[in-house]
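Step one of this worksheet: look at the structure below.
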């Protein structure tokens, strides 16, 4: 699991709910190269690792929020998102933002329910 880039906890529990902090496309302490697609794949990998650290999986996710620096990336984000979640379709919001930490192009946070 990647070290947080700020003073926060990557995942917290509240009863049987888990809330993750936003995950960006960092590996080995640096943003991966290749723009939004490779950053999103890495962010989803980071999300999966954070969930697994608490005994959960992507299939336990009930809600996500995706933050995009450029809404023109929305269609491509959807393709990558669907690959990552398969037939599981959590509730989701997608929001345009002016900027993200470390110059990231995309960020994802999630809520999961432990079963």
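Given (i) 41, 30, 24; (ii) 36, 31, 21; (iii) 49, 34, 20, which label gives Cα extents along the principal axes in Å as computed from the coordinates?
So the structure-derived entry is (ii).
How much length, in nm to one decimal, is gained on full extension between residue 53 and residue 95, taken as 0.36 nm per residue of separation minus their Cα-Cα distance? Mind dumping the intermediate values first?
Values: separation 42, 0.36 × 42 = 15.12 nm, distance 2.67 nm.
Extra length from residue 53 to residue 95 when fully extended: 12.4 nm.
Go ahead and collect, in residue order, the members of the range 37-53 whose backbone nitrogen is under 17 Å from a label point 7 Å along the Cα-Cβ direction of residue 102.
What the label zone holds, given the 17 Å backbone N cut-off, is 37-51.
If the chain between residue 28 and residue 62 were fully stretched, how many nm would it gain, using 0.36 nm times the residue separation less the Cα-Cα distance? Walk me through the intermediate numbers first.
Numbers: separation 34, 0.36 × 34 = 12.24 nm, distance 2.83 nm.
Between residue 28 and residue 62, full extension yields 9.4 nm more.
Compute for the range 48-110: radius of gyration divided by Kirkwood radius, i.e. Rg/Rh, restricted to C-alpha atoms, rounded to two decimals. Could you put the intermediate results ahead of the total?
Values: Rg = 12.2 Å, Rh = 12.5 Å.
That ratio equals 0.98.
How big is the antiparallel share of DSSP beta bridges in the range 11-113, given as a percent to the nearest 5?
Bridges in the range 11-113 that DSSP calls antiparallel: roughly 75 percent.
Which FRET efficiency value, to the nearest 0.05, is calculated for residue 12 and residue 74 with the Förster distance at 41 angstrom and r the Cβ-Cβ distance?
0.90
Every number in this text was worked out from the coordinates using simple rules, so none of it is lab data. Remember, it's a predicted structure, so these values are computed and weren't measured experimentally. For neighbour counting, all protein chains shown are included, and Cβ atoms are generated from backbone atoms with ideal geometry for every residue, glycine included.
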